[in-house]
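Before any comments, here is the structure.
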Amino acid sequence: MKFFIDSADVGDIRKALALGLCDGVTTNPSLVAKTGRAFDDVLKEIVSLVPGPISAEVTATDAEGMLAEARRYARFGEQVVIKVPLVVEGLRAVKTLSEEGIKTNVTLCFSPVQALLAAKAGATYVSPFVGRLDDISEDGMAMVADILQIYRNYGFATQVLVASVRNPIHVLRAAKLGAHVATIPYSVIEQLAKHPLTDSGLKKFLADWEKVPKAKAR
Ligand code: G3P
């Protein structure tokens, strides 16, 4: 299972790289806005740091505009993946990009049939947003299970990139289902490492270590 970092913050990306937990990066316009930086500068810096796939999202709403943005971002580095929204114009753009050999990540996927269309358009990745479905009292991970079943039924090569991950349970369920990738905010990466019994166990070991007689310095 690949771990991508869902962030445009270079500090977060560096921390995840240091842990060996950054197989790739996903950005989106909201994450870029949080950095307060120009996207070209952010993308250039991420490309210099991360050898794995880096998603850069288009903001045009028509296929021609999306293609122009995509071809420009693709020149930033061979690891750049073009993130395209799951709308009809987006699917048209994905089909052309896949014919041109440019990798795509079809984003804002909220149903298994939308994911089927993304795969048929030739998407490299599809991003089902699990947290946002949970937010409206639906089961985001059930959508992921359906997408994986459909892709296996027909042998689609499109990889399922679980997005809108909000907590460790999302990561656990994605891993149990065999999703190819989870894109995870750095804060959730840190939560994955935590367990209260690890903390209390370590505290006890360190307290007991204080009771162990120390050898005299020679
Ligand atoms: O990259 C897209 C995505 O992961 C968004 O997450 O938390 O804004 O729903 P969220």
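What are the pairs with Cβ atoms under 9 angstrom where one residue, in segment 45-61, is closer than 16 Å to Asp23 by Cα and the other, located anywhere, is within 14 Å of the ligand (Cβ to nearest atom) and part of a loop (DSSP other than H, G, I, E, B)? Sequence gap at least six, or different chains. Note: pairs meeting the criteria are Ile46/Ala8; Ile46/Thr27; Ile54/Thr27; Ser55/Thr27; Ser55/Asn28; Ala56/Thr27. Does segment 99-115 contain any residue that is in contact with a strand residue (DSSP E or B) (Cβ under 6 Å, 6 or more places away or on another chain) and of a type in the set (Gly, Ala, Ser)? So far as segment 99-115 goes, yes, one or more of its residues are in contact with a strand residue (DSSP E or B) (Cβ under 6 Å, 6 or more places away or on another chain) and of a type in the set (Gly, Ala, Ser). For segment 9-36, residues that are small (Gly, Ala, Ser) and more than 18 Å from Glu190 (Cβ to Cβ) total 4. Ala16 fulfils the conditions (1) open to solvent by 20 Å² or more (accessible area, probe 1.4 Å); (2) assigned to a helix (DSSP H, G or I); (3) more than 27 Å from Gly122 (Cα to Cα) except for a single criterion, (1). Among the residues of segment 132-144, is any more than 23 Å from Val87 (Cα to Cα), within 16 Å of the ligand (Cβ to nearest atom) and of a type in the set (D, E, K, R)? No: zero hits. Meeting the requirement of 3 or more residues that are in contact with a strand residue (DSSP E or B) (Cβ under 6 Å, 6 or more places away or on another chain) and open to solvent by less than 40 Å² (accessible area, probe 1.4 Å), the helices (runs of 4 or more DSSP H) wholly within segment 126-218 are 140-154. The set of residues from segment 30-86 being over 18 Å from Ala163 (Cα atoms), within 16 Å of the ligand (Cβ to nearest atom) and either open to solvent by less than 30 Å² (accessible area, probe 1.4 Å) or not in a helix (DSSP H, G or I) (or both) comprises Val42, Leu43, Ile46, Val50, Thr59, Tyr73. Among residues of segment 113-135 that are over 20 Å from Ile169 (Cα atoms), those with a beta-carbon under 7 Å from a residue that is away from the ligand (no atom under 15 Å from the Cβ) and charged (D, E, K, R) at least six positions away or on a different chain give the pairs Ala121/Lys95; Gly122/Lys95; Thr124/Lys103. When restricted to residues that are under 25 Å from Asp134 (Cα atoms), assigned to a loop (DSSP other than H, G, I, E, B) and either among the small types (Gly, Ala, Ser) or open to solvent by less than 30 Å² (accessible area, probe 1.4 Å) (or both), segment 87-119 contains 1. Name every residue in segment 10-29 that is within 16 Å of the ligand (Cβ to nearest atom) and small (Gly, Ala, Ser), in order of residue number. If the condition is that a residue be within 16 Å of the ligand (Cβ to nearest atom) and small (Gly, Ala, Ser), then Ala16, Gly24 are the ones that fit. Scanning segment 162-189 for residues being without any contact (Cβ under 8 Å) to a residue 60 or more places away in the chain, at negative phi and within 16 Å of the ligand (Cβ to nearest atom) gives a total of 10.
Sub-7 Å Cβ pairs linking a first residue in segment 1-24 that is among the charged types (D, E, K, R) to a second residue that is open to solvent by 60 Å² or more (accessible area, probe 1.4 Å) and part of a strand (DSSP E or B), at least 6 apart or interchain, are Asp23/Lys2, ordered by first then second residue.
The values are calculated or read from the model by the stated rules, or taken from the named source; none is laboratory data. Predicted model only: the values in this text are computed from it and were never measured. Don't worry about glycine lacking a Cβ; one is built from the backbone with ideal geometry, like all the others, and counts go over all protein chains shown. Calculation scope for accessible area: heavy atoms of the full protein, side chains included, ligands and nucleic acids excluded. Shrake-Rupley method; radii C 1.70, N 1.55, O 1.52, S 1.80 Å.
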